[in-house]
Amino acid sequence: MCGRYTLVVEQADLESRFDARFRESEFAPRYNMAPGQELPVITNEESETFQRLEWGLVPSWADDDSGGLINARAESVDEKPSFEAAYERRRCLVPGDGFYEWVETDEGKQPYRVGFEDDRVFGMAGLWERWEPETTQTGLDAFGGGVDDDAESGPLETFTIITTEPNDLVSELHHRMAVILEPDAERRWLSGDAGREVLEPHSADGMEAYPVSTAVNDPGTDEPSLVEPL
């Protein structure tokens, strides 16, 4: 699976890499991106803009906005009810430059950071959804046009990262890995011109994995020391 990742590049370099811009807010390097956080992605609806969506996809048909799905399996992403609509109509790129995996040791779980030796930024294949609360009227509000608090909060936009079989490097750490798209496949993935054929394990050539501090276990910790090798 992919449950934490990093994006420590500067904003100008990130915008240049994906030919997209931050519209309403600035970006600061992130060392411990975690589920439930609002994180930058590029969607097929606005492919020239970074948007902040919450990590943990909530299907549009869900009864409530709990239990977001952080990963989708490449092998069944076009068939599972939770993802099939998004696969057809709502794709996204999730920028990152590393991700964390945990390995069982005699001393407990040891986190490792996986990335490229040259620290390059990459695009992970993702899907996004828009969940809208039901507009209900209750009590006296039903006569005055009032709506419940959930409806007033507006739609929730969420995303998930697609995973696949691990390459030779990641297989030593975990049985799944995020789909890292080749740069020439990123826009084809967004547009829908590319299908499951691009959701393959990225080659391990040029990649590295190294142990890092267990401080990364706390999703509230976000500091440069987390990406330093032990």
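Read-outs: derived from the displayed coordinates by stated rules, not from any lab. None of the values given here were measured: they were computed from a predicted structure.
The value obtained for the stretch 5-218, namely the Cα convex hull volume divided by the number of residues, is 148 Å³ per residue. Mean residue ellipticity, 222 nm, helices only, the chain: the sum of -39500 (n - 2.57) across DSSP H runs of n ≥ 4, divided by residue count and rounded to 500, is -3000 deg cm²/dmol.
Mean projection of the Cα convex hull over all viewing directions, computed for the stretch 6-92: 6.4 nm². Compared with the alpha-carbon gap, the fully stretched path from Lys109 to Ser171 is longer by 20.7 nm at 0.36 nm per residue.
Under a 5 Å amide H cut-off, with hydrogens placed 1.01 Å from N, Leu69 pairs with Leu57, Val58 among residues at least 5 apart or on other chains. Across the stretch 163-176, rounded Karplus estimates of 3J(HN,Hα) from the backbone phi angles (6.51 cos²θ - 1.76 cosθ + 1.60, θ = phi - 60°) give 10, 9, 4, x, 7, 4, 6, 5, 4, 6, 10, 7, 8, 9 Hz, Gly and Pro being marked x.
Want the number for Ser203 to Ser66: 0.36 nm per residue separation, take away the alpha-carbon distance, what's left?
Gain in length upon complete extension: 45.8 nm.
Using the Karplus relation 6.51 cos²θ - 1.76 cosθ + 1.60 with θ = phi - 60°, the per-residue 3J(HN,Hα) values for the stretch 79-89 come to 10, 5, x, 5, 10, 4, 5, 5, 4, 7, 10 Hz, with x marking Gly and Pro. Coupling constants for the stretch 64-73 follow from the phi torsions by the Karplus curve (6.51 cos²θ - 1.76 cosθ + 1.60, θ = phi - 60°), and in residue order they are 8, 9, 8, x, x, 9, 7, 9, 10, 7 Hz; glycine and proline get x.
Between Glu79 and Arg120, the contour length at 0.36 nm per residue exceeds the alpha carbon distance by 11.5 nm.
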